[in-house]
Every structure is written in structure tokens, then in C-alpha cells.
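Peer 1: Here it is: the structure, laid out below.
No lab work stands behind these numbers, since they all come straight from the coordinates. These numbers come from a predicted model, not from an experiment. Glycine gets a Cβ as well: all are built from the backbone with ideal geometry, and neighbour counts include every protein chain shown.
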Amino acid sequence: MKYIDRKNIDPHKWNTCVESGPYYVPYARFEYLEAISNGSWGAIIEGNYKAVFPFAIKRKWGIFPYIYQPYFCQQLGIFGNPEKSNLHEFIKRIPWYFVRVHLNVNGYWGEPKTSVELPNLVKKAPHNIENDFNKDALKNIRKLEGQQVYYTQTKDIRLILKLYVAAWGEKANLQWPDDYRAFESACQSMQNQSLLYACLAHRGHELMGGALFLKGKKRLHYVCAAPTKEGRDCGIMHGVVKHAIEHFPSYDLDFEGSQIPSVAAFYKKFGATNESYYRIERTLWL
């Protein structure tokens with residue numbers, strides 16, 4: 001088990017390892033990591049890619065390396081089939097010269113000894129909209145159906161990102177386009193592999209919103225929800241959620257959070273339940 005820098009990682013062996021394990025998220029694919037980190041990442045690797053533990057890297061003042069969690073990459077952690085499913089052993093192998101570690105890891109292999117538990121709401125398949133959605137969600141769904149809203153797949157990732165910026169840009173504290181370039185590149189890479197579903201919602205000729213979903217193993221990751229002002233006023237994301245569930249009926253729908261009470265309450269409307277993940281924070285002196 002040792003640390004290997006990205007330039008020495010075999011992309012094919014990496015993806016084979018990540019896809020072979022019992023726990024998988026699209027963020028851990030080589031192409032996604034490469035794009036979302038701007039090519040600056042590494043991993044603790046066990047054996048000949050038996051298991052991997054990736055993380056993104058930046059440098060303080062251009063000198064001191066530190067580990068961070070990129071935007072639009074909710075969680076990483078152990079992937080593959082570790083000989084000993086001990087998360088602590090992988091964490092211990094992070095080299096000492098990473099002066100700061102801020103890393104989110106999945107909870108499949110257990111809870112880290114020193115960490116912060118974070119919520120992640122997931123709507124499990126099989127889906128029964130009438131039974132699973134609460135009264136408010138069903139009311140919004142029926143209202144949208146009465147307005148003849150329809151949903152289409154699109155390849156225009158940038159359009160959806162611009163809608164996201166208009167809707168949530170100030171709250172997200174991200175700057176367009178600089179803070180979105182890596183995510184756009186990552187989405188494009190996933191789209192090229194048919195691992196991204198992008199959709200738009202219209203009411204007649206009026207654009208109401210859009211969304212981006214990463215496709216995992218029987219799981220959709222709701223990474224970008226982007227209503228227009230008119231879409232927010234009519235509750236369009238209720239319809240987007242219903243559309244995603246109907247379009248991928250055997251997939252779990254992973255809502256990606258949230259720590260914000262109002263957002264978590266929205267996800268719970270659809271019958272989502274919590275699957276915790278964990279934040280590791282270690283600071284030496286920066």
C-alpha cells in the first residue's frame with residue numbers, strides 16, 4: 001500500500017479497479033478525477049490496483065501541497081476490493097508532507113476515527129411515486145402536468161451550467177466561468193462515455209430549467225439542479241425528479257446532500273433516506 005502520483009497511475013487499471021468494487025461513485029473514475037482536479041491528484045494504491053484511495057491536490061503559495069475536496073465531487077474514499085477493509089489504514093498512508101487534508105470519504109468501509117458525519121439523501125428503487133412522494137410533492141407534480149410541461153435530453157452542458165449560475169451562483173459562492181471549467185470538462189468527459197444524463201424542462205416554448213445526472217451502477221447522482229426564475233415559481237424541480245425516476249426506473253436517485261435544512265426537506269419529499277459520508281480534516285500548520 002503506497003502513495004502514487006497521478007502521472008504514474010494507469011488509467012485502464014484504475015477504472016477496472018474502481019468499477020470492480022462493491023461501492024462505486026462516478027467521481028472516482030479516472031476521467032472525472034482528471035478533469036475535476038485539473039490533472040492534479042494522487043492516490044494510496046493497494047497492491048496491483050486491488051484497491052485505491054484518491055484525492056485532489058493543490059499547492060499553498062505554489063510550494064506546499066495540500067489535499068482538498070473539489071467542487072462538484074461530493075465524496076471519494078476507498079474503491080475496489082481492499083485486502084483489509086480498514087479505512088484508517090489508507091488514511092495513515094497519506095504522506096506527511098501534505099500539510100492540510102480536507103477530504104470527504106464514503107461510509108461503505110466504516111467511519112473514520114476522527115471525522116465529521118455529513119448527510120446524503122438517497123431515494124431507493126424500486127419507485128412508487130404515489131406511495132413514496134409526500135402530499136406536497138404530489139400536488140406540485142399534478143400542477144405541472146396540468147401545465148403541459150415536457151422534458152427532453154440535451155447535450156448542452158453549458159446551458160444547464162449557466163442556468164445553475166443564474167439560480168444559485170451567489171449562494172454557491174462560485175465565479176463564472178473560472179470555478180465551473182473543471183466541472184464542465186468532467187461532465188463532457190462523462191457524456192462522451194454515456195455516463196451523464198442532461199435534461200431540460202419546457203412549458204410550451206418557455207425554458208423552465210435543467211439538470212445534470214451522473215450515471216453510476218444503478219444509481220443517478222443529482223449533481224446540478226438548475227431552475228429558471230419561472231421554473232422555481234412553479235416548482236419545476238419536482239417534475240425533473242419525477243422525470244428522472246421514470247426515465248431510470250431501476251436506479252436509485254442520489255440527491256447529493258444536503259446540510260441545508262430547506263434543501264434536505266425538499267429531498268425528503270420524495271421518500272429519500274440518509275446515507276452518511278464523512279469529512280476528514282487534518283492541518284499541520286497552514
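Peer 1: Is it possible to state the helix-based mean residue ellipticity at 222 nm for the chain, with each DSSP H run of 4+ residues giving -39500 (n - 2.57), the sum divided by total residues, to the nearest 500 deg cm²/dmol? What is it?
Peer 2: My calculation for the chain gives -9000 deg cm²/dmol from helical runs alone.
Peer 1: Rounded, prolate or oblate: which fits the chain, taking a ≥ b ≥ c as square roots of the Cα gyration tensor eigenvalues, rounded meaning a/c under 1.5, else prolate when a/b beats b/c?
Peer 2: Values: a/c = 1.96, a/b = 1.71, b/c = 1.14.
Prolate, because a/c is 1.5 or more and a/b exceeds b/c.
Peer 1: Here's another thing I want to ask about it. Please name which of Q148, G210, L253 has its Cα lying farthest along the dipole of the range 121-256 towards the positive end, using unit charges on Cβ (Lys, Arg +1; Asp, Glu -1) and the Cα centre as origin.
Peer 2: Going by the charge dipole, the pick is L253.
Peer 1: May I ask for the angle, rounded to the nearest 10°, between helix 181-192 and the longest principal axis of the chain, with both axes built from Cα atoms and the value confined to 0 to 90°?
Peer 2: 80 degrees
Peer 1: Also: Using DSSP loop states and a limit of at most 16 other Cβ atoms within 10 Å to flag trypsin sites (Lys or Arg not before Pro), what is the longest stretch of the chain containing no flagged site?
Peer 2: Of all site-free stretches, the longest is 219-286.
Peer 1: Which of M190, M237 has the fewest other C-beta atoms within 10 Å, and how do the rest follow up to the most?
Peer 2: Details: M190 25, M237 21.
Neighbour counts put them in this order, fewest first: M237, M190.
Peer 1: Filter the chymotrypsin sites (Phe, Trp or Tyr not before Pro) in the range 1-87 down to the DSSP loop ones having no more than 14 other Cβ atoms within 10 Å, then list what survives.
Peer 2: Those that pass, being in a loop and sparsely packed, are W61, Y71.
Peer 1: So, one more: Go ahead and run the numbers for FRET between Q175 and R232, Cβ-Cβ distance against an R0 of 25 Å, rounding to 0.05.
Peer 2: 0.70
Peer 1: Taking Cα pairs under 8 Å and at least six residues apart, what relative contact order does the range 37-103 come out at, in percent?
Peer 2: 33 percent
Peer 1: Sticking with the crude label model, points 7 Å out along Cα→Cβ, report the distance from Q153 to E83 in nm, one decimal please.
Peer 2: With each label placed 7 Å out from Cα toward Cβ, I get 4.3 nm.
Peer 1: Listing V18, V165, V263 from the residue with the fewest other Cβ atoms within 10 Å to the one with the most, what is the order?
Peer 2: V263, V165, V18
Peer 1: Continuing with this model, one more query. Classify the range 121-256 as rounded, prolate or oblate from the Cα gyration tensor: take a ≥ b ≥ c as the square roots of its eigenvalues, call it rounded if a/c is under 1.5, otherwise prolate when a/b beats b/c and oblate if not.
Peer 2: oblate
Peer 1: Please work out the Cα center distance from the range 22-85 to the range 210-240, rounded to the nearest Å.
Peer 2: 26 Å
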